[in-house]
Structure formats: structure tokens, C-alpha cells
Ligand SMILES: Cc1cc2nc3c(=O)[nH]c(=O)nc-3n(C[C@H](O)[C@H](O)[C@H](O)COP(=O)(O)OP(=O)(O)OC[C@H]3O[C@@H](n4cnc5c(N)ncnc54)[C@H](O)[C@@H]3O)c2cc1C
Ligand SMILES: Cc1cc2nc3c(=O)[nH]c(=O)nc-3n(C[C@H](O)[C@H](O)[C@H](O)COP(=O)(O)O)c2cc1C
Ligand code: FES
């Protein structure tokens, strides 16, 4: 049998395969290019950008927890102008779609970012982060209410022709309702999950392990929560769902796809295995071949659930 | 150029107190590493503990294709490492971070290490001695149980002075007490240091007062170890903004920084 066709399209973002990197775990792509050809990726999502530079949170910014990590980076980034000047020229040369993750404290800030990034050539899409738990105002606040989520995405929609991915927070009771709302506002896809708000304390010093006191949980520990949310969301939206949260192996990626993810993103998994993304692409390909699947749609959303009377 | 390598454990021996020396057959790392650089080691094949652990390269031998790390058992990861046997393999990423400057032109170096901070110093001392630089090493340890480490530095050709918390070897007290008693004429041209932050703060203050330049290696909790996640931020002086400082990454812009530029929270 021929190799399966791994291509996936998210709006106008055409990817060779369904594997992308998760924002904030891959920098601007430079770190991993020593280890493999990043052009193998389906897409690269770069670290969150804000309108103005941000210094980020005081250390410690990371704490290991059972099968996971808590992070509170605080969206450290050089600001959109310096990003365009220093990073985009190198990103433009890549043969891989580059998606810019963006956050702001105000709706006006999101609009400004979208307008500015729309002028820049060589970027394939915008991931609108309405889910960052690590900055005081904004971020997650926009993503926990279907109305404000709708407002952010529809305002961004007016500023850009580029595909928009709305990145959703799991820190809500009904993630599917937020997804429906951003689809209506014009999002081309949703990505989920961002990190789950958490906390860890050193029992000797009685101090929190993070400088920011609380932070976002990611890694294998969150995977079942993420799979459930992908499954719930995929049933109610007609746009592609990008699944992430604790993926470290091709088996994890396939599980997300069966739950309904058209594509997957690797975050924390990059830290333990720096070539995780390529291993996972190979694994998905082999799995599909073995199961006589020709295209990814043979796999996506194919969870088999017997209805209980 | 960062790479992954599967290191074959050749020895993993207790050197007293909570300290171990692990020797690894790791040809690529041994041929590329520079003094002060670190490796990021996976101490389990499972998801728990999840993250890699950073360790400075204590010593290496390009011909024998070996590297050595000196580590203290302080938590789960290092506990697991201490149980590893020769013949087992560990995955590591290397060579990471900045290195100590050895392309230098001076006569006398002072190398100061406290506890785990002795970790990046043996290879450095060897290189300095090889260049004909008179090298004095001040070692601060909890007890004399780790005296075997003193031999490592003596064999490397350094003059060694030791301070222990319990006074079982050398002077009783902190290694920085040697600094206060250093006479004007003994002033080194350059100082290298690694150790707990209070020790580094004392070294920084002393070097400033004496107008001695130097470099220090610092630690911060890490995620990726390659510059991608911004977990390992530390405060470094910077002219680029009005506050006069910026967060820099210990894994890329460090772990070795110039002594002057590191801002410690006291
Ligand atoms: C650049 C660099 C070089 C280092 N070189 C050495 C060395 O040569 N010898 C040595 O004994 N130790 C060294 N350390 C410290 C060493 O990384 C930690 O002692 C080790 O990670 C502890 O792991 P654990 O699982 O035993 O501890 P746990 O406390 O269970 O670890 C929990 C988490 O905190 C992190 N962590 C705990 N302590 C430290 C620390 N001091 N610095 C950074 N992260 C920490 C761990 O990596 C892990 O992610 C170095 C650290 C850095 C940043
Ligand atoms: C260190 C770190 C930094 C992150 N930074 C961002 C960010 O800037 N923007 C964003 O939308 N998500 C950010 N995330 C969330 C990830 O993109 C991802 O949604 C989450 O970690 C779950 O996936 P994982 O378990 O595979 O890591 C960050 C995660 C980590 C661990
Ligand atoms: S540990 Fe990820 S940037 Fe330093």
C-alpha cells in the first residue's frame, strides 16, 4: 500500500501533516533546528506576542508536578515590532506554515496586533490566545465567557484576512459553548487546551513553588482532560479542532485524532524528547498504513461509542 | 550545535556525603564540550519525573571519549540517578549554554566552588593549568567525607584550600572566609565561581571592592534547556531598557555570566 496522505488544511493553512508545535514551548523555532529539519512539521506555532514588550514573571517560572509541569512564564516577549524586525525574516525563509500566537490586555490590543501582523508577509495564520492563565488582566478572562470570546474573535476577524485559530482555556465548565461562540464570530479553527490553572507549595518553606504563586499545568497529567474537551468540542463545531495537552507519543496523538482533532500540537513533550514532533509524525503515518487508512479523515473523530439506553 | 547522545554509564560512584561522580562514555559530548557548559539528562524513561535534569560537565577526556558529572542527591531525579549501574544508558542533550572564558591573558586565577557548585570546575581548572595560569581553588564542602574531590583538583595541578561546615578538613566555616583574609599582594587577576547564591553574592561583593573581573555559573529551574520555553529566567544588567535589567535565559545566555552583570535578589 502507498503511504497514507497526511495532508490537513486548517482554513487556508495547508499542512503536510497534522503535527504542529504548541505556542511557548518552541520559542521562535530556532532552538530545535539543530536537532532536526523543522520543515518536517505540519506547522509551527511561535511564542505568544503582545502589542508591547513584556518582561514576564519573576522566577521560579516552572515547577515539576506528577507527570506534569506548572509554568508561569508571564508571556515574556519582545513585543510585536521587535518580533517583526528580529524574528520574521528568519521565519519567512522556512518551508513550513508559521502561525503567530497573540495576546493582549484589551480588545483594542488584539485588533492592533491583528492589523499589524496582517501587513507582514510570510505568516500563515494567527492563533488568538484568549486563554493565558499567567497574566493578571486579559488573556484567560476573554476566553471564559462566550460573549467576550465572541467579541475578541469578531473584532480580530475584521482586521485580518489570515486564518484565525482561537485558543481556548480549559478553565471553564463548558468549553464547547465557547467554541461554538468563536466559530460564529468567524474563527477558522479552535485549538485546545491551554494550561489548567494550578498551584504547588514547598512544605518545608511553606512557599509556593512558582514566583507567580499560581501557574498553568501541562504535560501527560492533563491529557485525559484535554481528550475529553476535544471530543466534546468536535461534536458541536464545524471548524477543525486542533488538539493538545500532554501529547508525548504518536499513540497520544492518534488518541486525540480519534476524539475529533484534525491536527495536534506538541508542547511539554518537546522538553522531554526534543525530536518528539518528528517521531510522532512517523508514528501516525505507520499507524495509518497498518490500519489501511488513506487520509487523516479516516481517523479523525472515529471514536466508537455504544449508546447506553 | 545541540545534539542528543546516548551516554553509556562507565562508573557511578559515591564520593561521600550525598555526592556521586558519574562517568559516561559519550564521544560527541566529550569532543565538543567547553568548561562551564552543561548537559540535560533524562533520568527516567517514564513520564514521572517528567523533565530532564541539568548538570554541568565536571571533567571530560576527548581521547577516551568520556565525560564526568559530579552531582548531589537532592530529590527524586538525582536519587534515581544514584541507583543507575554501569552498563546502563542515559539520554542526554549537549553541549548546552555558555562556557567560562579560557582564552585569556593573565597569570593568576582564583576558582571558587561551594557544594554542588564544584560541578563545573574541574575541567576549567585543568584548562587553566594547561595554559600555565597559576590557579588557586577554594572548595567549600559540608564535611570532609568528600575529600576525594580535593584530590581531583590537586592532581589537576591547582593549589587547593578547603573550608568545611563541620571543620573536619580545612578551616571551619564558609569558603568565602578565605576571601576576607586574602592579602593585597595575593590578589588574583580573574575569579571564577559556582555555588549557592549567598556564596556568589559574597564573591560578587568582594570582587567589586577589589576591582577583580570574573565569571560565575548560576542555576535556575529549567524546562527545555535549549532556549525555547523561557522558564529559566534570571535578572541580568542590560542597557536596552530604562530599568537597567532584563530577564535572560540561564540555558542559552548562561549558565556562565560575567560576575558583574548578575543581579541577585537579597
Ligand atoms: C546549569 C546547571 C548546572 C547544574 N550543575 C549541577 C552539577 O554539576 N551538580 C549538581 O549536583 N547539580 C547541578 N545542578 C543542579 C541540578 O540540576 C539539580 O540538583 C537537579 O535538577 C535536582 O533534581 P532532583 O530531581 O534530584 O530534585 P527535585 O527537587 O526533585 O527536582 C524538582 C525539579 O526542580 C529542578 N531543580 C531542583 N533543584 C534545582 C537546582 N538547584 N537548579 C536547577 N533546577 C533544580 C529539577 O531539575 C526538577 O525539575 C545544575 C543546575 C543547573 C541549572
Ligand atoms: C512553558 C510554556 C509556555 C507556554 N506559553 C504559551 C503562550 O505563550 N501562548 C499560548 O497560547 N500557550 C502557551 N502555552 C500552552 C501550550 O501551548 C499548550 O496549550 C499547553 O502547554 C498544553 O499542551 P502540552 O501539555 O503539550 O504542553 C505554554 C505552555 C508552556 C508549558
Ligand atoms: S529552560 Fe527553556 S528557555 Fe531555558
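Residue-level check: of (1) surrounded by 17 or more Cβ atoms within 10 Å (Cβ to Cβ); (2) within 9 Å of chain B (Cβ to nearest Cβ); (3) in contact (Cβ under 8 Å) with a residue 24 or more places away in the chain, residue A:66 misses just (1). Does residue B:87 meet the test of being touching a residue at least 12 places away in the same chain (Cβ under 8 Å) and buried (at least 18 other Cβ atoms within 10 Å of the Cβ)? So residue B:87 fails the test. Within region B:103-140, the residues that satisfy the criterion of being under 11 Å from residue B:195 (Cα atoms) and part of a loop (DSSP other than H, G, I, E, B) are B:119, B:120, B:121. Candidates B:55, B:100: the one that is part of a loop (DSSP other than H, G, I, E, B) and either touching a residue at least 12 places away in the same chain (Cβ under 8 Å) or closer than 16 Å to residue B:194 by Cβ (or both) is B:100. Checking each residue in region B:247-261 for being closer than 22 Å to residue A:29 by Cα, in a strand (DSSP E or B) and either touching a residue at least 24 places away in the same chain (Cβ under 8 Å) or more than 19 Å from the chain's Cα centre (by Cα) (or both) picks out only B:247. Taken over region A:21-35, the residue count meeting the criterion of being within 13 Å of ligand 2 (Cβ to nearest atom), within 7 Å of chain B (Cβ to nearest Cβ) and part of a loop (DSSP other than H, G, I, E, B) is 4. Which condition from (1) under 18 Å from residue B:72 (Cα atoms); (2) buried (at least 16 other Cβ atoms within 10 Å of the Cβ) is the one that residue B:143 breaks? Unmet for residue B:143, out of (1) under 18 Å from residue B:72 (Cα atoms); (2) buried (at least 16 other Cβ atoms within 10 Å of the Cβ): (2).
Of the numbered criteria (1) at pLDDT below 95; (2) closer than 25 Å to residue B:4 by Cβ; (3) away from ligand 3 (no atom under 16 Å from the Cβ), the one residue A:1 fails is (2). Residues that are in a loop (DSSP other than H, G, I, E, B) and out of contact with any strand residue (DSSP E or B) (no Cβ under 7 Å at 6 or more places or on another chain) within region B:58-72 comprise B:62, B:63, B:64, listed in sequence order.
Among the criteria (1) surrounded by fewer than 23 Cβ atoms within 10 Å (Cβ to Cβ); (2) more than 14 Å from chain A (Cβ to nearest Cβ), the one residue B:57 does not fulfil is (1).
Do you know which of the residues in region B:1-20 that are within 20 Å of residue A:35 (Cβ to Cβ) and more than 11 Å from chain A (Cβ to nearest Cβ) is surrounded by the fewest Cβ atoms within 10 Å (Cβ to Cβ)? Among those that are within 20 Å of residue A:35 (Cβ to Cβ) and more than 11 Å from chain A (Cβ to nearest Cβ), it is B:6. The criterion of being under 17 Å from residue A:270 (Cα atoms) and touching a residue at least 60 places away in the same chain (Cβ under 8 Å) holds for residue A:246. Residues in region B:197-207 that are surrounded by fewer than 24 Cβ atoms within 10 Å (Cβ to Cβ) and under 15 Å from residue B:257 (Cα atoms): 5 in all.
For region A:36-55, taking the residues that are surrounded by 21 or more Cβ atoms within 10 Å (Cβ to Cβ) and within 14 Å of ligand 2 (Cβ to nearest atom), the one that is farthest from the chain's Cα centre (by Cα) is identified as A:50.
Results for (1) buried (at least 22 other Cβ atoms within 10 Å of the Cβ); (2) out of contact with any helix residue (DSSP H, G or I) (no Cβ under 8 Å at 6 or more places or on another chain); (3) at pLDDT 95 or above, shown as yes or no for each residue.
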residue: B:122; (1), (2), (3): yes, no, yes
residue: B:130; (1), (2), (3): no, yes, yes
residue: B:135; (1), (2), (3): yes, no, yes
residue: B:163; (1), (2), (3): no, no, yes
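Scanning region B:21-52 for residues that are crowded, with 21+ Cβ neighbours inside 10 Å and either assigned by TED's automatic domain parsing to the domain that holds residue B:164 or in a strand (DSSP E or B) (or both) yields B:22, B:23, B:24, B:38, B:39, B:40, B:41.
Can residue A:75 be described as buried (at least 22 other Cβ atoms within 10 Å of the Cβ), in a loop (DSSP other than H, G, I, E, B) and within 14 Å of chain B (Cβ to nearest Cβ)? For residue A:75, the condition - buried (at least 22 other Cβ atoms within 10 Å of the Cβ), in a loop (DSSP other than H, G, I, E, B) and within 14 Å of chain B (Cβ to nearest Cβ) - is met.
The values are calculated or read from the model by the stated rules, or taken from the named source; none is laboratory data. A quick note: this is a predicted structure, and the numbers were derived from the prediction, not measured. Counting neighbours? That spans all protein chains shown, and the Cβs are built from the backbone with ideal geometry, glycine included.
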